[in-house]
Amino acid sequence: MTIIVTGGAGFIGSNFIYHMLEKYPDYRIVCADCLTYAGNLSTLKGALENLSFRFCKINICDREAVYRLFEEEHPDMVVNFAAESHVDRSIEEPEVFLDTNIKGTAVMMDACRKYGIERFHQVSTDEVYGDLPLDRPDLFFTEKTPIHTSSPYSSSKAAADLLALSYHRTYGLPVTISRCSNNYGPYHFPEKLIPLMIANALADKPLPVYGEGINVRDWLYVEDHCKAIDLIIHRGKAGEVYNIGGHNEMRNIDIVKMICKELGKPESLITYVTDRKGHDMRYAIDPAKIHRELGWLPETKFEDGIKKTIQWYLENREWWQEIISGEYKGYYERMYKNR
Ligand code: NAD
Ligand code: TYD
């Protein structure tokens, strides 16, 4: 079995690669990643030593390079993680989101059509459903919830989902889609909420909470997401969408306070800053389908996962300090200076 994993030098893709290499030593795993600001080869250091693993620096929008890779590798499956993934960046500069998230997905699926494939899996997000009101805790996103996006990021992901389903119906491509809630864990890029707050708190820098900090996200430990995708690509049904989430809703402010407590830092570091434009209020996944059909359940409780994550950032300072000392510095200043 040969699997092409796109975006494998990023947060979730790299965790998925480590999961697959460990669980299926006889599989060949090929990572296709063009190493944007969010992709980091040092993240894959452990995998690069493994003979079952190959890294290819490829942009998924580059049709020729993608077709060449298919001719070399004859993959049985593709798991498409590659994406521009940060809402704040999509608000500043939407175009690259359309290129990678929509066109790149189409190129990967065209290659699958041309060369044949057992499964194309599209890694999507709960953000395609838009948001839920804070005063209706009884409401959850199911796979039947209409698509209703808020940001250029979520719109580009929704477009890719629709395209994937159309390739299934029109060309019979064996596509599955997973829509997961917010992930956290090792190798999370330090511009996202949890790693950013850990890094800033450790440096005694202000902790920038958008608006009042009452927006709710449904957090899932990244390993649980990887296990869900593993189940879907092996046992999921082509043409189906699977929601993934752990019924673990938290307000941003409560997460930031938890991180302060865990690191022994004062809550006075918390600084309320101008809200994100179009900021989604609440995400909440109903994961009943994947539980019922594939037996998936999240294994890591948030209280344990957040401790493990903080510990990982403490033990792997080199990894994230190198990132925040590079071009990320300019991004941070642009994004937070006048907020
Ligand atoms: P990430 O930003 O950490 O990593 C993205 C990776 O894709 C990077 O390695 C980057 O170099 C690569 N990439 C970007 N553009 C590329 C291109 N044109 N060609 C090849 N490689 C390219 O993202 P992540 O948080 O790991 O998210 C992975 C996927 O999961 C995305 O599709 C995202 O929409 C989805 N998702 C993320 C979350 C989350 O909480 N992070 C939740 C649900 C779904
Ligand atoms: P983020 O990690 O960017 O994920 P997403 O927007 O995809 O859910 O943000 C999670 C939540 O944290 C979101 O409500 C925005 C908020 N947030 C802050 O309050 N401050 C920050 O500096 C960042 C990056 C996010």
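Collect the residues in the range 81-122 that are under 23 Å from residue 145 (Cα atoms), in contact with a strand residue (DSSP E or B) (Cβ under 6 Å, 6 or more places away or on another chain) and in contact (Cβ under 8 Å) with a residue 60 or more places away in the chain, keeping them in residue-number order.
81, 121
Yes or no: residue 117 more than 30 Å from residue 209 (Cα to Cα) and touching a Phe, Trp or Tyr at 6+ places or on another chain (Cβ under 8 Å)?
No, not satisfied.
Which members of the range 273-293 meet the condition of being touching a helix residue (DSSP H, G or I) at 6+ places or on another chain (Cβ under 6 Å) and surrounded by fewer than 20 Cβ atoms within 10 Å (Cβ to Cβ)?
Of everything in the range 273-293, just one residue is touching a helix residue (DSSP H, G or I) at 6+ places or on another chain (Cβ under 6 Å) and surrounded by fewer than 20 Cβ atoms within 10 Å (Cβ to Cβ), namely 277.
Quick one: would you say residue 149 is in a loop (DSSP other than H, G, I, E, B) and more than 9 Å from ligand 2 (Cβ to nearest atom)?
yes
Listed here are the residues, each with its yes/no results for (1) hydrophobic (A, V, I, L, M, F, W, C); (2) within 24 Å of residue 99 (Cβ to Cβ).
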position: 15; (1), (2): no, no
position: 18; (1), (2): no, no
position: 21; (1), (2): yes, no
position: 37; (1), (2): no, yes
position: 52; (1), (2): no, no
position: 65; (1), (2): yes, yes
position: 71; (1), (2): no, yes
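Using the structure shown, decide if residue 296 is assigned to a helix (DSSP H, G or I) and among the aromatic types (Phe, Trp, Tyr).
No: the conditions fail for residue 296.
Looking at 237, 227, which one is at pLDDT 95 or above, assigned to a loop (DSSP other than H, G, I, E, B), over 18 Å from residue 198 (Cβ atoms) and not hydroxyl-bearing (Ser, Thr, Tyr)?
237
Among the residues of the range 1-49, which ones are hydrophobic (A, V, I, L, M, F, W, C), touching a residue at least 60 places away in the same chain (Cβ under 8 Å) and not in a strand (DSSP E or B)?
Passing the criteria: 1, 11, 12, 16, 20, 38.
Quick check: is even one residue across the range 181-195 at negative phi and away from ligand 1 (no atom under 16 Å from the Cβ)?
Narrowing the range 181-195 to residues at negative phi: 181-184, 186, 188-195.
Now drop any that are not away from ligand 1 (no atom under 16 Å from the Cβ), which leaves none.
Checking the range 181-195: not a single residue is at negative phi and away from ligand 1 (no atom under 16 Å from the Cβ).
Please name all residue pairs, on different chains or six or more residues apart, with Cβ atoms under 9 Å, provided the first residue is in the range 277-291 and is without any contact (Cβ under 8 Å) to a residue 12 or more places away in the chain and the second residue is more than 15 Å from ligand 1 (Cβ to nearest atom).
Short answer, once both residue conditions are applied: 291/297.
The values are calculated or read from the model by the stated rules, or taken from the named source; none is laboratory data. Keep in mind the model is a prediction, meaning the values are calculated, not measured. Neighbour counts are summed over all protein chains in view; Cβ atoms, including those assigned to glycine, are modelled from backbone coordinates with ideal geometry.
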